[in-house]
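The structure under discussion is supplied below as structure tokens; questions concerning it will follow.
The values are calculated or read from the model by the stated rules, or taken from the named source; none is laboratory data. Bear in mind that the values here come from a model prediction, so they are computed numbers and not experimental data. Backbone-built Cβ (ideal geometry, glycine too); neighbour counts: all protein chains shown.
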């Protein structure tokens, strides 16, 4: 599995969000792996696209840029009870004044 890394540039103490397509009806959900000394997760949310059974949606993660520097946020699409990762999204974050 290879994921391309997206670059984000954020100002210190500002919020930024990452949104990914998801379908929780399959048991899969995104899990965030990050350095909480540099960024802090302030909210995560799942929004279904429709009320239709089996429909997917969007999962969003909102972070606060807590400290200047560079870090990697790794988002893993997997079932909570399974170690197998279905998809991966990588974000290289640079936080500046």
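Under 8 Å between Cβ atoms, at least 6 apart or on separate chains: pull out the pairs that start in segment 65-88 with a residue that is on the phi > 0 side of the Ramachandran plot and end on any residue that is in a loop (DSSP other than H, G, I, E, B).
Final answer for the pair search is 69/38.
Could you check the chain for strands (runs of 3 or more DSSP E) lying wholly inside it with 3 or more residues that are modelled with pLDDT of 95 or more and over 13 Å from the mean Cα position of the chain (by Cα)?
Details: elements: 5-11, 15-22, 29-33, 39-48, 57-65, 69-78, 85-96.
Output list reads 5-11, 69-78, 85-96.
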